[in-house]
Amino acid sequence: MKISTKWLRRYLDTEVSEEELWEVFTSIGLEVEGVEHIGVARQNTLVVGKIQEIRQHPNADKLSVCTVCVGQGDVRQIVCGAKNFKLNDHVPVALPGTVLPGDFTINKSTLRGVESDGMMCSGKELGLGEDHSGLLILGENTTVGACLHDAIEINCDAVFDISLTANRGDCLSHIGVARDLAAKLNIGLKLPQPHGLEISETEKPQGHFLEKISIETDNCECYSAICIKNIKIGDSPDWMKQDLTAIGARPINNAVDIGNWVMMETGQPVHIFDAKKIRGNQLTIRQAKDGETIISLDGKKRTLTADMVVICDVERPLVVAGITGTVDAEVDDTTTDVLIESAYFNPDNIRKSAKTLNISTESAYRFSKDIDTANVANYGQRVANLVTEICGGEIVAACWKVGDPKRKPVAIDFQPSSIEKLCGFAIPLEIAENILTKLGFSIEKLNVGSWKITIPAHRPDITNTPDIVSECLRIYGTDKIPTTPARYTGIQHESDRSAVFCQNVSNYLSGQGFFECYNFALRNCGEIENLFGENSALSMRNPFNVDQNCYRSSLIPGLLDATKFNIQNGNLDVKFFETGHVVLKIDEKFNECLAIGCVMPTKPLERSWQTAEMADFYDIKSLILPILKNFSQRLAQFNLVEDSSIWQPGHAAHCGFLNREKFQATCGFLNVKLAKDFDIKQHILAAEIVIHPAIFTRKPEKASHKPFSQFPRISKDLSLIVKLDEVAANVENNVMKAAQKNISKDVFIESIKVFDVYLGKEIPTGTKNIGLTINYRSNDRTLTDSEIQTAFNATQLEIEKLYEIRKQA
C-alpha cells in the first residue's frame, strides 16, 4: 500500500515530519518497505534569484556567465547553458549543498576555467514537469532570496510503501492509516463529511435514472446508486492528478479519477457508469452464467463462470462485481450523465473470481480484505460531492440504497483489568480509553470494572478481549513494556535426557551409514487417517496450508518423501533416519511422543561389480535392538504385524505398548502399496520407535559391571518340533525357564541361541524344526559333563510337556 505524505496530512491536525512518520509507522505495526521522494524537498539553499548581468563565457560559445542576486547583499557567479532568459529575470537558483531529485547534489565547481557558485534550474530539474529546454522563468512578483517553496507551488511529497498484515484491510486507505496515526500521536483526525444527499432505502427516489435495482445473489448484500446529470468530462485538477500519480495510479479523466481517488482515500471501491448506456433503466446484481462473456476495460474478452457476480442491465453484463467494468458502460469524453455505484460484495467470492479471471485490481484487492460495511452509501455520497464540485452537474435524486450488510458492529463485554492481566503490566485506563476511542471504538462504562465496547465496522478482525488488549498495546507502544529480569531455570542440552538420547541415536545411526533428515512436523489429515484410521489425526483449526493441516503421527511418510525425492534426483544412497516428535492417541487422548524412524532399500540402488547381499527383516531388527536396550534389558517379544497400512502384514513385527511399557517399536518391510503410493518401486525396510515422555522421568538404571567367568562353558544342543507359526522368541523363553529350573545355585544359563530353522520332508506338515544351543557356565568352578547332562535331561523332560523333541538319527 502506497501512502502519500502530502495526502495523509490533510486528515491530521498537526504537521508530521517524514522522519516521524517512518518511526511511527514501524512502531504501530505498519512495516515500511521503502520511501519514494517526488519533487524537490524544501531547502533553504533553493531560492529565488535575479539575473543582474549576462556575459559570454570566455572559453565556450554555448555557455554564459551570469551574476545572480540570491538575497540582500548575496551575489553569486553562475555558469549557465540555457538561452531563454534575459536581464532582470527571476529564476530558481540551487546554491551549493542543494539536493535535487535523483539525489543530485549541487557543488561549487569550475566549468571551462570559470567558477560557478550554484545552478539556475529548469522545471524538469525541479521535478515540476518535463520541460528542460530552458530555465524556469518566475514571475516578477516573486521575492528575491525567498525560499522557492514560498514563492511558487511545488509538488513535494514522500510516498511510503507500507506492508500490511492480512488482517489490516482497514489500512488500505489514507483515512485508515491516518486513524492509526491520530491514535498513536494523540492528535485530532479530520474526516470528510459527505453532505447534501438523502438516502432512500424503501422505494425508488423521485427523479432517479433507474426504474429498478434487483439483488438476486447472496454475494451482494448492499447496493447504492446516485444519479448526476449534466457533468462535463475533462482533466482532473492538478492536486488530484498529483495525488494519484504519487501512489502509482494513472489519471484518466475527472469522473474516473474521482472514483479512484475516493477509493484510495476511504478504502471503498466505487464504480461510475455512463448512465445513458444502461439499457432498460434497471440494474440486476446476479450470478453470471457459465460461458457468458464481456470485454473488460483493458480491451480483453473475458469468459465468466457461474461462481462470479455481475451487474447487468436488461440485455448484458456491464460490470464484473467488485473487479472490473466493461467497455459497454464506461465513462468517455461524450458522457454527460453518470450513475455512481457503491456496494458491498462477499470478500471470498471476489477473491476467487479475481483469481479465476487472472485480474488484479485495486478494487478487488480491497473487497477481498473486507471493507467498512457501515459507510457504503456515505462513501458513495463522497464521490457525488466531488463530482459536482469538479465536473459540474446536478444530483437529481436521493441515494437509492437496496439491501443491508449482514455484518454489523459487535458489542463486547470488556473488563479493563484484563489489560494488565494479558500484558503483564498496567496501561493507564484513561490512555487505553483514549486509544480505543481514536481508533473508532465506542465505549459504554457499565460500572467501575466493566465496559461495553462496540467494535467499529471497519475492523472485522477484532472479535474478542485479547484483540482489544492487543490494539491498546500496539498503540501505547511495546517500547513502554517495563524491563524486568527474567527468572527461570535453564536446562542445558546435556541435562535433558531426551536430547542426549536423540544425540546418541543420531551418532549411532550415522555410524551405520544412515543420513539424517529434518522434515516438517505437519502432514495432511487424509494421509494420517488413511494410515491410522478415523479420528486419529490431531488437526489444526486454522492451518496455513491445506496439505499441512495435521500434526504427524509417524515419521515414516516424511522419510518416504525424502526417499522419493532423492531417487528422482539421482541420489541413490537412500538410507535415511529422523528423530522428532509425533502425536498419537493413547487411551483416547492425544499424546506428544518422541520418535525415531529409519528407512532403507533391501539392496543398494547404485550399480556395482559386486553382488550385494539383500537386507532382510533381521538386519533392520538388529539395527534397532541396541536402541531398545536403553529402555529395557529384557525386551518384550516381537509379534508379527497382521494388519497395517504402513507395514507389510506377516513381514514386520512389533514389541512394546505405549500405555504399558511406555515405548513401542515396529520394524520390517513397509507395505508394498504404501511404497507405490510414494512412487517407490523398490522394497523398503523400515523401523520406528515411539517413546512416551514418561520414560525419561524414570530413574535411570545404574550401570553395573559383572566380571567374566574364568571357567569354560558347556553347550548342549536341542532340536524341537514346533508349530509353523510359533515365534522363535517364545521357544527361547520356554527353554530358558525349563533350563533354569534344573541347575544348581552356582550354575547359570549364559545364553540360549537359535542356530537352525528347518522345514523338510522329515518334518510333519504344519510344523518346523528349531535347533537351539544352551550354554551353561559357572563363576566358581569348572563344570562336569555328568552334572550338565543330568540338568539337560531334566530340562528335556520339562520341554516335552510343550514341544516334541526331535531325536538324532
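The values are calculated or read from the model by the stated rules, or taken from the named source; none is laboratory data. Just so you know, these numbers come straight off a predicted model, no measurement behind them. Don't worry about glycine lacking a Cβ; one is built from the backbone with ideal geometry, like all the others, and counts go over all protein chains shown. The protein model used for the area step is the full one, side chains on, heavy atoms only, and it has no ligands, DNA or RNA in it. Shrake-Rupley method; radii C 1.70, N 1.55, O 1.52, S 1.80 Å.
Summary table below
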{"item": "Long-range neighbours under 8 Å by Cβ, at least six apart or interchain, first residue on the phi > 0 side of the Ramachandran plot within the stretch 433-445, second open to solvent by less than 60 Å² (accessible area, probe 1.4 Å) and assigned to a loop (DSSP other than H, G, I, E, B)", "result": "440/456; 440/458; 440/459"}
{"item": "Flag if residue 533 is more than 18 Å from residue 678 (Cβ to Cβ), free of Cβ contacts under 8 Å to residues at least 60 places away in the same chain and open to solvent by less than 40 Å² (accessible area, probe 1.4 Å)", "result": "yes"}
{"item": "Residue match in the stretch 270-282 (condition: more than 32 Å from the chain's Cα centre (by Cα), farther than 25 Å from residue 192 by Cβ and crowded, with 22+ Cβ neighbours inside 10 Å)", "result": "yes"}
{"item": "Filtered residues of the stretch 354-374 (kept if among the charged types (D, E, K, R) and under 19 Å from residue 256 (Cα atoms))", "result": "362, 366"}
{"item": "Single unsatisfied condition, residue 7 versus (1) assigned to a helix (DSSP H, G or I); (2) open to solvent by less than 50 Å² (accessible area, probe 1.4 Å); (3) farther than 14 Å from residue 159 by Cα", "result": "(3)"}
{"item": "Any hit, the stretch 754-766, residues being of a type in the set (A, V, I, L, M, F, W, C), under 18 Å from residue 731 (Cβ atoms) and in contact with a Ser or Thr (Cβ under 7 Å, 6 or more places away or on another chain)", "result": "yes"}
{"item": "Any hit, the stretch 181-197, residues being without any contact (Cβ under 8 Å) to a residue 60 or more places away in the chain, within 30 Å of residue 371 (Cα to Cα) and in a loop (DSSP other than H, G, I, E, B)", "result": "yes"}
{"item": "Options 372, 348; residue that is modelled with pLDDT under 95 and more than 20 Å from residue 266 (Cβ to Cβ)", "result": "348"}
{"item": "Hits in the stretch 295-316 - residues which are part of a strand (DSSP E or B) and either open to solvent by less than 10 Å² (accessible area, probe 1.4 Å) or closer than 18 Å to residue 402 by Cα (or both)", "result": "296, 309, 310, 311, 312"}
{"item": "Scope the stretch 327-360; condition within 38 Å of the chain's Cα centre (by Cα) and among the small types (Gly, Ala, Ser); matching residues", "result": "342, 343, 353, 354, 360"}
{"item": "For residue 455: the one exception among (1) without any contact (Cβ under 8 Å) to a residue 60 or more places away in the chain; (2) closer than 30 Å to residue 620 by Cβ", "result": "(2)"}
{"item": "Selection from the stretch 462-487 of residues that are open to solvent by 40 Å² or more (accessible area, probe 1.4 Å) and in a loop (DSSP other than H, G, I, E, B)", "result": "463, 464, 481, 482, 483, 484, 485, 486, 487"}
{"item": "Some residue of the stretch 765-786 being closer than 25 Å to residue 642 by Cα, touching a strand residue (DSSP E or B) at 6+ places or on another chain (Cβ under 8 Å) and outside any strand (DSSP E or B)", "result": "yes"}
{"item": "Where a residue in the stretch 680-703 is more than 24 Å from residue 638 (Cβ to Cβ) and its partner, wherever it lies, is open to solvent by 20 Å² or more (accessible area, probe 1.4 Å) and not aromatic (Phe, Trp, Tyr), with Cβ under 6 Å and at least six apart", "result": "680/564"}
{"item": "Residue satisfying condition, being over 20 Å from residue 658 (Cβ atoms), free of Cβ contacts under 8 Å to residues at least 60 places away in the same chain, of a type in the set (Phe, Trp, Tyr) and out of contact with any Asp or Glu (no Cβ under 8 Å at 6 or more places or on another chain), within set 520, 590", "result": "520"}
{"item": "Number of positions in the stretch 499-525 that are of a type outside the set (Gly, Ala, Ser) and open to solvent by less than 60 Å² (accessible area, probe 1.4 Å)", "result": "12"}
{"item": "In the stretch 748-764, the residues that are open to solvent by 70 Å² or more (accessible area, probe 1.4 Å), of a type in the set (Asp, Glu), in a strand (DSSP E or B) and under 17 Å from residue 719 (Cα atoms)", "result": "none"}
{"item": "Every residue from the stretch 707-747 that is open to solvent by 90 Å² or more (accessible area, probe 1.4 Å) and acidic (Asp, Glu)", "result": "717, 725"}
{"item": "Top-ranked residue of the stretch 147-199 - restricted to ones that are under 30 Å from residue 120 (Cβ atoms) and among the β-branched types (Val, Ile, Thr), ranked as least open to solvent (accessible area, probe 1.4 Å)", "result": "159"}
{"item": "Verdict on residue 158 being at pLDDT below 90, small (Gly, Ala, Ser) and at negative phi", "result": "yes"}
{"item": "Subset tally (residues that are assigned to a loop (DSSP other than H, G, I, E, B) and under 25 Å from residue 664 (Cα atoms)) for the stretch 537-590", "result": "9"}
{"item": "Residue 105 being touching a strand residue (DSSP E or B) at 6+ places or on another chain (Cβ under 6 Å), under 24 Å from residue 156 (Cβ atoms) and free of Cβ contacts under 8 Å to residues at least 12 places away in the same chain", "result": "yes"}
{"item": "The stretch 149-164, residues that are out of contact with any Gly (no Cβ under 7 Å at 6 or more places or on another chain), under 30 Å from residue 463 (Cβ atoms) and not small (Gly, Ala, Ser)", "result": "160, 162, 164"}
{"item": "Residue check, residue 340 touching a helix residue (DSSP H, G or I) at 6+ places or on another chain (Cβ under 7 Å) and at pLDDT 95 or above", "result": "yes"}
{"item": "Number of positions in the stretch 211-255 that are outside any strand (DSSP E or B), surrounded by 20 or more Cβ atoms within 10 Å (Cβ to Cβ) and over 35 Å from the mean Cα position of the chain (by Cα)", "result": "4"}
{"item": "Matching strands (runs of 3 or more DSSP E) fully within the stretch 79-142 where at least 3 residues are surrounded by fewer than 20 Cβ atoms within 10 Å (Cβ to Cβ) and of a type in the set (Gly, Ala, Ser)", "result": "none"}
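Okay, residues lined up against (1) open to solvent by less than 10 Å² (accessible area, probe 1.4 Å); (2) under 28 Å from residue 169 (Cβ atoms); (3) within 27 Å of the chain's Cα centre (by Cα); (4) of a type in the set (Gly, Ala, Ser):
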site: 14; (1), (2), (3), (4): no, yes, no, no
site: 20; (1), (2), (3), (4): no, yes, no, no
site: 43; (1), (2), (3), (4): no, no, no, no
site: 59; (1), (2), (3), (4): no, no, no, no
site: 67; (1), (2), (3), (4): no, no, no, no
site: 73; (1), (2), (3), (4): no, no, no, yes
